[in-house]
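Chemist: I'd like to ask you about the structure that follows.
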Amino acid sequence: MDRVIRIGTRESQLALWQAHQVRDLLTAQGYSTELVPIKSEGDIDLVTPLYEIGVQGIFTKSLDLALLNNRIDVAVHSLKDVPTQLPKQIVPAAVLQRGPVKDLLVYKSNTDFLDQADYIANIATSSVRRKAQWLRKYPHHQLHNLRGNVNTRLQKLAAENWDGAIFAVAGLERINIRPANSIDLDWMLPAPAQGAIVVVCREDDAFCREACVLFNHDETALTTNIERDFLRTLMGGCTTPISAYAYIQNNTVHFSGELCSLDGSQFFSTTREVPLDKAHALGQEAAQDIMAQGGAEIVAQIRNVK
Ligand SMILES: NCc1[nH]cc(CCC(=O)O)c1CC(=O)O
């Protein structure tokens, strides 16, 4: 066990929190570790919305390269940021137990505007999924781009003349922020794999794969796999107005999936309950259902915008 496992991480407070989780899990198994912070392109350009940068896996690319160049041994990611197709020679080594999955609205003064049909609220988020879902529910609101890490986004919200901004609960909780002026968006189906953390490593690195499999959380790995199968079958791995959530109860997988047009005007959804031992193709089948309902046309439109 004298090999030191080099853990690659982005430098944001959220990324470091996640990397520390993995370090603690490896240390608990008796492994020696070292944290290696790596800058990612997703952290550098704060202005351009992600979908305009057009690069897949903007948050994961720098860490992928560091892995392939043997500068690190494992990389830690928010699973929702990982493209559905991993680079060749890189494999998932473990998925950690899932944290909170939902989104929340941080508001400026109050939430009265949510009930006022004649008030044009200004809401900030750069996620195409959140934009589309918000416009579906509040078609008269104005959406604004808001990029950067969670701290930067909160500061921008305070500085701008906006009514609120949307965040992942997991992202706030992990940096110890739970704004008093926030409400859970229970109606908003989360991004596939939201709240889950994945460790990836080189395919041929048996030492790291054996080390990480010890803390793989089977239930989270299985449910997020289904959610990502749904995403992959519909669209591939880009940022898209696609939501999915799966959980297991009494040996049954409960799945919900949604596809929205970018402006929220068109919407397709599916829910299903499948026995655990029959759930291997659940994500693909749910995606085919959405396509058959008419979702194929939306997918084609979204592809053309990109
Ligand atoms: N897209 C950025 C990102 N990637 C992972 C998280 C938080 C953790 C998670 O949702 O799993 C966030 C912040 C957010 O969406 O508000």
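The values are calculated or read from the model by the stated rules, or taken from the named source; none is laboratory data. The model shown is predicted, which means the values in this text are computed figures rather than measured ones. All Cβ positions, even for glycine, are placed from backbone atoms using ideal geometry, and neighbour counts span all protein chains on display. Heavy atoms of the whole protein, side chains included, go into the accessibility calculation; ligands, DNA and RNA do not. Shrake-Rupley method; radii C 1.70, N 1.55, O 1.52, S 1.80 Å.
Chemist: Using a 1.4 angstrom probe on the protein heavy atoms only, line up Arg129, Arg3 by accessible area, largest first.
Modeler: I get Arg3, Arg129, largest accessible area first.
Chemist: What's the local net charge at Arg209, with K and R +1, D and E -1, over the other residues with C-beta under 14 Å away?
Modeler: Net local charge, Arg209 excluded: -3.
Chemist: Could you run the Karplus curve 6.51 cos²θ - 1.76 cosθ + 1.60 with θ = phi - 60° over region 164-170 and give me ³J(HN,Hα) per residue in whole Hz, x for Gly and Pro?
Modeler: x, 9, 9, 9, 7, 4, 4
Chemist: Rounded, prolate or oblate for region 126-199? Axes are the square roots of the Cα gyration tensor eigenvalues, ordered a ≥ b ≥ c, and the cut-off for rounded is a/c under 1.5.
Modeler: Note, shape of region 126-199 comes out oblate.
Chemist: Another question about this same structure. Can you bin region 102-164 into rounded, prolate or oblate? Criterion: square roots of the alpha carbon gyration tensor eigenvalues sorted a ≥ b ≥ c, rounded for a/c under 1.5, prolate for a/b above b/c, oblate for the rest.
Modeler: Since a/c reaches 1.5 but b/c is at least a/b, the shape of region 102-164 is classed as oblate.
Chemist: How long are the semi-axes of the equivalent ellipsoid of region 92-245, defined as square roots of 5 times the Cα gyration tensor eigenvalues? Whole Å, largest first.
Modeler: 33, 17, 13
Chemist: Work out the P(r) tail for region 231-305: percent of alpha carbon pairs separated by more than 22 Å, whole number.
Modeler: Above the 22 Å cut-off, region 231-305 has 23 percent of its Cα pairs.
Chemist: For the peptides 198-209, 28-39, what is the packing order when you average, over each peptide's residues, the other Cβ atoms within 10 Å and list the highest mean first?
Modeler: 198-209, 28-39
Chemist: Divide by every residue of the chain the summed helix terms, -39500 (n - 2.57) for each DSSP H run of at least 4, and state the resulting mean residue ellipticity at 222 nm, rounded to the nearest 500 deg cm²/dmol.
Modeler: Taking each H run of at least 4 residues, the total per residue is -9500 deg cm²/dmol.
Chemist: Considering Cα pairs under 8 angstrom that are at least six residues apart, work out the relative contact order of the chain and quote it in whole percent.
Modeler: The value is 21 percent.
Chemist: Amide H of Val36 versus every other amide H placed in the peptide plane: which residues, excluding those fewer than 5 positions away on the same chain, fall under 5 Å?
Modeler: Hits under the 5 Å cutoff: Ile7, Gly8, Thr9.
Chemist: Oh, and also: Accessible area per residue for region 122-248 in Å², computed with a 1.4 Å probe and the full protein assembly in place, what is it?
Modeler: In whole numbers, region 122-248 has 38 Å² accessible per residue.
Chemist: Once the Cβ-Cβ distance between His140 and Asn176 is put in as r, and R0 is 35 Å, what FRET efficiency do you end up with, to the nearest 0.05?
Modeler: The calculated FRET efficiency here is 0.50.
Chemist: So, one more: Using only alpha carbon pairs under 8 Å that are at least six residues apart, calculate the relative contact order of region 231-305 and give it in whole percent.
Modeler: 29 percent
Chemist: Please give the residues of region 66-110, grouped as numeric ranges, whose backbone N is less than 20 Å from a label point set 7 Å along the Cα-to-Cβ vector of His217.
Modeler: 75-83, 92-104
Chemist: If contacts are Cα pairs under 8 angstrom and at least 6 residues apart, what is the relative contact order of region 103-184 in percent?
Modeler: 50 percent
Chemist: Cα-Cα over 31 Å: which of Lys102/Lys278; Lys88/Lys278; Lys61/Lys156; Lys39/Lys137?
Modeler: Those over the limit are Lys39/Lys137.
Chemist: How far, in degrees from 0 to 90, does helix 13-28 lean away from the longest principal axis of the Cα atoms of the chain, to the nearest 10?
Modeler: 30 degrees
Chemist: Output ³J(HN,Hα) for region 293-300: one whole-Hz value per residue in order, computed from phi by the Karplus curve 6.51 cos²θ - 1.76 cosθ + 1.60 with θ = phi - 60°, and x for Gly and Pro.
Modeler: Here the 3J(HN,Hα) series is 5, x, x, 4, 5, 5, 4, 5 Hz.
Chemist: Once you have the Kirkwood Rh of region 75-123 from its Cα pairs, apply Stokes-Einstein at 37 °C and 0.692 mPa s and quote D in µm²/s.
Modeler: Rounded to a whole number, D works out at 216 µm²/s.
Chemist: Could you put Trp134, Trp187, Trp162 in order of accessible surface area, largest first, with the 1.4 Å probe and the full protein assembly present?
Modeler: Trp187, Trp162, Trp134
Chemist: Lys and Arg at +1, Asp and Glu at -1: add these up for the other residues within a Cβ distance under 12 Å of Met291 and post the number.
Modeler: Every neighbour counted, the sum reads -3.
Chemist: Could you tell me what a quarter of the Cα convex hull surface of the chain works out to, in nm² with one decimal place?
Modeler: With every direction weighted equally, the projected area is 16.0 nm².
Chemist: Specify whether the C-alpha gyration tensor of region 191-251 places it in the rounded, prolate or oblate class, a ≥ b ≥ c being the square roots of the eigenvalues: rounded for a/c under 1.5, otherwise prolate if a/b is larger than b/c and oblate if not.
Modeler: Oblate.
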